[in-house]
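Inspection log for the structure reproduced underneath, given as structure tokens.
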Amino acid sequence: MVLSTKSNHVSLKGFDKIKYELNKYHAERYWGIFVAVLLIWFWILGYPWMPPVAFDSALLQSQNIHTVGVTAGQWYWMLDDRGSYQNANDTNVNTNNNQLYVKAGETVKFIARSIDVNHGFGVLSSSNQMDVPLFQMQVVPGFDNIFYYTFKKPGIYTIRCLEYCGWNHPYMVSSITIHAA
Amino acid sequence: MNKDNPLLDEYNLENGPAPLYRISKDLSDLTLMFIISSVVFFLAAGTLAIIMRTVQSKLILLGNQQQTIGMFYAALTAHGQLMFFGFASMLTVGLSYYLLSKFAKKPLYSMKMSIISYSLMNAASVLLVVSAIMFFGGGWYNLMPLAFHPQNGGWNIFSTVLFLMADTSIGIGLVFFCVNVIATVLKGNIAAGVQLSEPDEGGLFRASSDINDSGRIDLIPMINLPASTRWVSALGISSWFPRKYRKAVPAVSIVVVGIFVNAVALLSGTVGLFTQLGMGFGYLLNPDFQPNWLLAKDAFWFFGHPIVYFTLFSFLAAAYYYIPKFTKKTVPYDKWAYRSWPFYFVFAVLVFSHHSYMDMPNPVFVQTVATIASQAVIFPSGLTVMTIMMYLLRSKIRWNISSFFIVTGIAGWVYGGFTGAQTGWWGTDVYLHNTLNVVGHIHLVILMGSVLLGIGLVYGVIADLTKKRLGKTLGMVHLLTTITGGFGLAFMFTYLGLFGVIRREAIIPDQFMWAMPWLLFFALTVGFGQITFAYNLFKTLGRKTTKEEQLFVTNQEERASSEKDLIHTGESST
């Protein structure tokens, strides 16, 4: 159907009529507003997940923070137990330097440092070689890379390097045992 | 319908009639050289992809496991960079030069700069191939300082130097392109005034009768706009003005807007690339110099995300011209088509920060910008999708190889956008980051988005450049194999990523080995399609013009001659 000026407008049918109506009633304007509102809503929804916000929330809710030091290098992981703190600033710590002992329900503060290149500290959701990550963070050399996490269930969880770090990257695997509360 | 020569209508609809403005022979030849180079490097990068697939399928074993893994990572590194720079960027630069000259109706600011950009991009691609042969495996995204720490008998530092030199060459070549485009748009006369064809209600989908198509670029005059107005027009900002002021500010063709936004965004991004490379070279020359590696990573992605959009924007803008042409509709000034572009310009750069979601030491404002920009970039994409759909809805589009590729490219890009929105949200990225889901996203938006759009334009543009048409049967084979293989590959990557299969892993555990032969099959299917395309292209270029094709050339000249009082000719290159 040919559309020309309003004065000699020809009657439309079917999809041509729909298209004409969409154009006439400014569909693109309302679509633009809808998309913008949806995106703002998504952002607000996702706000609590942003690391600084999520970690502040975890710190407020937890009485005990268990600190675990992570050292990453080509191509190994080394975890050391730095003990439990009543709160983040408490210096009366219970340490057990010989063995990592983390319990389910504890909020764990992982402090990861790399001695060489970027690594990816990924804790998988099971003891499988490859599985959905429970969480992950990059281990950037020259920084303390911090992540807070509370393991809900006891068990053995695979730790895998998720950031390609050289030819032996596929073998950079370890594990962490979470004990029953 | 041309009753005297129905073949001409078919030709026009088959290839999407180009504006009558004649680009110079030099530019025509250069565009062809860009296309040829991009196809050659596409094949090279594709070969590297096949190597990766065969290593993961455990079909290849070099002298020992270590060397095989090394080959995988060398292939991964070179595949990514060759695809982005040797193929996609090369094709984008070449077609952008052509489209800009056509739709601004003027020669490029400097042919010398165009040739320099071509030479540098080719030199860089060759360096990348050489570094791959030397087993350089620092990752295509060059996450420093890995390039300098191969360990365990890995690649040698000379290959690292070659790789850094390749990236430097790419950066300089792209700067030449950006400056050339910006200067072409901002200096001298330019075809402007498209906004005067803004339709009344209901006029948007008027059937084209060519002569009466006031949106037709041939009928737009050449104007010398003042600088302030030109910036506003070239970035699409004037489309947001109230109607009275919109009518007053001459608007350039939307194709020019897309290319201009592309150039300005990428030029901003190159600052990041050179910052990262500067840190790298500094560390190489003096190991006591300890750069901030997080800044190096952020700097790279400040370039890295714009380069992804770089391969899309010019083609997306051109789609606003070609899709209406394939539907035999007018190409009016559609304010909603223009309104996306100021947002693309801003967010294409800012969205870089979502690559650092998992970098906890980043300042809070970077994390905040990342989440906002990653959502906000969807806004202009949403507008684009709506506008394109309005063009296509019940429009009796002429389906040919070119239009199939362009429309499928839009679909691939849209679907890829959904996966991008998913990984661009922190709450899901904490699970999906570093998995094959991200690889699926990239292959959807680039391979099944930008690349399909670009290839579709090549099928259309080759006819205008060479006066010859690419073979239809081979084109169909190319189309079907690329769509089958490409979507198969991308969907499988996305699916596997949801189950935690990690990207950039040379060794896949047994539980996921079932997927590897499928990935290899899809990759080979895509590869077969591109070989078919290359054969079609070189065969077409090598043969003589047929009688029917010669008729088209004659008709174009007659058309230009008969409409010369109506047509505003552009500027000559001489």
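Where a number appears in this text, it was derived from the coordinates with a stated rule and is not lab data. What you see is a predicted model, and the numbers here were worked out from it, not measured in a lab. In this analysis, Cβ positions are derived from the backbone assuming ideal geometry, glycine residues included, and neighbour counts consider all displayed protein chains.
What separates the Cα centres of the range B:526-574 and the range A:151-175 is a distance of 57 Å. If the limit is 28 Å between Cα atoms, which of B:539/B:564; B:187/B:247; B:25/B:187 go over it? From B:539/B:564; B:187/B:247; B:25/B:187, over 28 Å: B:539/B:564.
Loop-located chymotrypsin sites (Phe, Trp or Tyr not before Pro) across the range B:473-523 with a Cβ neighbour count of 16 or fewer within 10 Å are B:499, with loop assigned by DSSP. Listed from fewest to most Cβ neighbours within 10 Å, the set B:384, B:525, B:569, B:554 follows the order B:554, B:569, B:525, B:384.
Could you tell me the distance between the Cα centroids of the range B:239-303 and the range B:319-390, to the nearest Å? With the range B:239-303 and the range B:319-390 each reduced to a Cα centre, they are spaced 15 Å. Of B:531, B:378, B:455, B:157, the sequence from fewest to most neighbouring Cβ atoms within 10 angstrom is B:157, B:531, B:378, B:455.
One equal scatterer on each Cα of the range B:396-509, no solvent, Debye formula: the resulting log10 I(q)/I(0) at q = 0.10, 0.19 Å⁻¹ is -0.36, -0.91. Its Cα centre serving as origin, chain B has a Cβ charge dipole (Lys and Arg +1, Asp and Glu -1) of approximately 880 debye.
Put simply, the range B:233-370 fits an ellipsoid with semi-axes of 38, 15, 13 Å; these come from the alpha carbon gyration tensor as the roots of five times its eigenvalues, largest first.
When only alpha carbons of the range B:333-463 are considered, Rg and Dmax amount to 16.6, 54 Å. Averaging 1/r over each pair of different alpha-carbon atoms in the range B:65-105 and inverting the result gives 12.1 Å, the Kirkwood hydrodynamic radius. Three semi-axes describe the equivalent ellipsoid of the range B:477-572; taken as square roots of 5 times the Cα gyration tensor eigenvalues and ordered largest first, they are 49, 18, 10 Å.
Here the mean projected area of the convex hull built on the C-alpha positions of the range B:16-102 is 7.0 nm². If I take all pairs of Cα atoms in chain B, what percentage of them are more than 48 Å from each other? Value for chain B (Cα pairs over 48 Å): 10 percent. With each label modelled as a point 7 angstrom along the Cα→C-beta vector, the residue B:558-residue B:186 pair spans 4.5 nm.
For the range B:453-518, the Stokes-Einstein estimate of translational diffusion at 37 °C and a viscosity of 0.692 mPa s comes to 223 µm²/s, using the Kirkwood hydrodynamic radius over alpha-carbon pairs.
In plain terms, the residue of B:353, B:381 with the fewest other Cβ atoms within 10 Å comes first and the most crowded comes last, giving B:381, B:353.
Taking every residue in B:424-432 and counting other chain Cβ atoms within 10 Å of its Cβ, the average works out to 5.
Across all directions, the shadow cast by the convex hull of the protein assembly as shown built on its C-alpha atoms averages 34.3 square nanometres. Evaluated at 37 °C with a viscosity of 0.692 mPa s, what Stokes-Einstein diffusion coefficient in µm²/s does the range B:69-199 have when Rh comes from the Kirkwood expression over alpha-carbon pairs? Value of D from the Cα-based Kirkwood radius: 201 µm²/s. Helices meeting the span-like rule in chain B (full DSSP H runs, Cα extent of at least 27 Å along the helix axis, mean Kyte-Doolittle score of 1.0 or higher): B:25-56, B:111-133, B:157-186, B:254-285, B:472-498, B:516-542. According to the Kirkwood relation over distinct C-alpha pairs, the hydrodynamic radius of the range B:118-271 is 18.9 Å. By definition, a body whose alpha carbon gyration tensor gives a ≥ b ≥ c is oblate when a/c is 1.5 or more and a/b is not larger than b/c, and the range A:115-181 fits this oblate description. Relative to its residue count, the range B:93-151 spans a Cα convex hull of 104 Å³ per residue.
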